[in-house]
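> Dropping the structure in here first, questions after.
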Amino acid sequence: MQRIKFIDRMAQGKLSRRQMMQSAGAFGVGALILPPRARAAEVLTCLEWGGYDDATYFQAYVDKHGSAPNFSIFAGEEDALAKVLAGFAADVMHPCNYSVGRFVSAGVAEPLDTARLSHWNDIFPALQVAEGVLENGDIVMAPADWGNSSIAYRPDLVDEAFKADPSWSIFFDEAYKGRVSMLDNELVIIIGEMVAGKSYDDVYDMSGEALAAAAKEWGTKGLDMSRFLWTDASELQQGLASGEIVAAYAWNDLIKNLRADGVAVEYARPKEGFFTWFCGLTLLNTGKADKALAYDFIDAWLSPETGKALIEDSGYGHANQKSFEIADPAEVAAMGITDPEAMMASSIVFRNPTDAVQEEQNKVWGDLKALKY
């Protein structure tokens, strides 16, 4: 952020003490009049995932304003929400579609004026109206990065039956006990119910007795089978590379990273379905910076240049259609998503449970882990 320049010579420190006293005499003895001190402009503050504080993803903002915003890194959206509700002043948040509703219902998110976003019309139409972007008739998130959640596996270390008919059931299979790794998330319970034959739409918002029963059966089994529950993707990558883990719940960037290191790894399309998630930028009403800065930052994230960097560097997709036109075709192919709209139509897009359900699921999962560990 450029500093404000004072045009008054005294404010610039160019008046001597003698000149100051002479000026005072002109207005009467002791009546020295000084210009008011200018307030420094507030620096934009963003709540962000680790790694996304790299200027590569918002270069247009840096080019325009001369420096990056301030960042506060969070481990998960619940962590970020708790921080804001505790009084942390943030201007922009980077939630995912399944969690943005939490910020809206908490009263800390405000609608976006898409007319202030120059790249909005280049966003995939399906994402412009997706759940989590459009809430109660308002655009509350500008979709940016997106990808898949599925099963990463070592084809040299799993049996032929799994390779022929991939299934989420591998995470509940005694034959793979201690050789698989699930994400540390209540989704373990939801996936277990899907293995039992239910659809995601039927169980994503489970609560009450149904949730308790599913947690007892599938949550407990999932905990018992996993060598570890992961929260750090680098730990998971090391586990698959070494063969300590033969299959894991993973995001698609892991495949790109492991293959780049020469590790043979595949990304399954389980018969129960695989997931698509997308995240984006939400405007918060708790910050102190000029809203114009927030819009500039969000718009920078929506640019095709940011999308190109995201595709080529991380292996994730981007919401701007033009990103796929300017990205290296080989990198797009390596990402495994050559037709983003078709992929979104054929996958399970994560949904938003109500606050009450999410909080109940969080508690049930936490209680299960407490019993196990």
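The values are calculated or read from the model by the stated rules, or taken from the named source; none is laboratory data. These figures come from a predicted structure and were not determined experimentally. Neighbour counts run over all protein chains shown; Cβ positions are idealised from the backbone, glycine included.
> Tell me the residue from Lys163, Lys83 that is not aromatic (Phe, Trp, Tyr) and not assigned by TED's automatic domain parsing to the domain that holds Glu312, please.
Sole residue among the options that is not aromatic (Phe, Trp, Tyr) and not assigned by TED's automatic domain parsing to the domain that holds Glu312: Lys163.
> Across region 64-92, what is the number of residues that are in a helix (DSSP H, G or I), among the hydrophobic types (A, V, I, L, M, F, W, C) and surrounded by fewer than 16 Cβ atoms within 10 Å (Cβ to Cβ)?
So the answer is 2.
> Is there a residue being over 30 Å from Leu211 (Cβ atoms) and not hydrophobic (A, V, I, L, M, F, W, C) anywhere in region 267-279?
no
> To continue, here is another question. Return the residue satisfying two criteria in turn: it lies in region 355-369 and is under 19 Å from the mean Cα position of the chain (by Cα) and surrounded by fewer than 19 Cβ atoms within 10 Å (Cβ to Cβ), and of such residues it is nearest to Lys198 (Cα to Cα).
The residue in question is Asn362.
> Considering only region 137-159, state which residues are in a loop (DSSP other than H, G, I, E, B) and among the aliphatic types (A, V, I, L, M).
Once the filter is applied, which keeps residues that are in a loop (DSSP other than H, G, I, E, B) and among the aliphatic types (A, V, I, L, M), region 137-159 yields Val140, Met141, Leu157, Val158.
> Take region 328-370 and flag every residue that is among the β-branched types (Val, Ile, Thr) and touching a strand residue (DSSP E or B) at 6+ places or on another chain (Cβ under 6 Å).
Correct list: Ile337, Ile348, Val349.
> Name the single residue that is nearest to Asp202 (Cα to Cα) among those in region 333-344 being part of a helix (DSSP H, G or I) and in contact (Cβ under 8 Å) with a residue 12 or more places away in the chain.
Met344
> Next up: Please list, ordered by first then second residue, the pairs with beta carbon atoms under 6 Å, 6 or more apart or interchain, first in region 278-300 and assigned to a helix (DSSP H, G or I), second buried (at least 24 other Cβ atoms within 10 Å of the Cβ) and acidic (Asp, Glu).
Pairs that qualify, where the first residue is assigned to a helix (DSSP H, G or I) and the partner is buried (at least 24 other Cβ atoms within 10 Å of the Cβ) and acidic (Asp, Glu), are Ala294/Asp91.
> I've got another one for you. Conditions: (1) closer than 23 Å to Ala319 by Cβ; (2) assigned to a helix (DSSP H, G or I). Asp53 meets all but one. Number of the miss?
Single failed check for Asp53: (2).
> Counting only residues that are among the basic types (Lys, Arg) and part of a loop (DSSP other than H, G, I, E, B), which one in region 258-277 is nearest to the chain's Cα centre (by Cα)?
Top of the filtered list is Arg269.
> In region 242-251, which residues are among the small types (Gly, Ala, Ser) and not in a strand (DSSP E or B)?
Scanning region 242-251 gives Ser242, Gly243.
> Then there is this: Could you check region 125-146 and list, in sequence order, the residues that are surrounded by fewer than 21 Cβ atoms within 10 Å (Cβ to Cβ), in contact with a helix residue (DSSP H, G or I) (Cβ under 7 Å, 6 or more places away or on another chain) and at pLDDT below 95?
Ala126, Glu135
> Continuing with the same structure: How many residues does region 301-332 contain that are of a type in the set (A, V, I, L, M, F, W, C) and either under 18 Å from Leu117 (Cα atoms) or without any contact (Cβ under 8 Å) to a residue 12 or more places away in the chain (or both)?
4
> Then there is this: Out of the residues in region 241-288 meeting the condition of being at pLDDT below 95 and acidic (Asp, Glu), tell me which one is surrounded by the fewest Cβ atoms within 10 Å (Cβ to Cβ).
For region 241-288, the residue satisfying everything is Asp261.
> Is one or more of the residues making up region 115-136 more than 28 Å from Ser347 (Cα to Cα), free of Cβ contacts under 8 Å to residues at least 60 places away in the same chain and part of a loop (DSSP other than H, G, I, E, B)?
No, because not a single residue in region 115-136 is more than 28 Å from Ser347 (Cα to Cα), free of Cβ contacts under 8 Å to residues at least 60 places away in the same chain and part of a loop (DSSP other than H, G, I, E, B).
> Further question on the same structure: For region 160-178, name all the residues that are in a helix (DSSP H, G or I) and surrounded by 18 or more Cβ atoms within 10 Å (Cβ to Cβ).
Phe162, Trp168, Ser169, Ile170, Phe171, Phe172, Tyr176
> Within region 37-52, is there a residue that is modelled with pLDDT under 50, surrounded by 10 or more Cβ atoms within 10 Å (Cβ to Cβ) and over 30 Å from Tyr98 (Cα atoms)?
Yes, some residue in region 37-52 is modelled with pLDDT under 50, surrounded by 10 or more Cβ atoms within 10 Å (Cβ to Cβ) and over 30 Å from Tyr98 (Cα atoms).
> I'd like the full set of residues that are closer than 21 Å to Asn185 by Cβ and of a type outside the set (Val, Ile, Thr), limited to region 137-163.
Met141, Asp145, Trp146, Gly147, Asn148, Ser149, Ser150, Ala152, Tyr153, listed by residue number.
> Still on this model: What do you reckon, is Gly192 of a type in the set (Gly, Ala, Ser), touching a strand residue (DSSP E or B) at 6+ places or on another chain (Cβ under 7 Å) and crowded, with 16+ Cβ neighbours inside 10 Å?
No, not satisfied.
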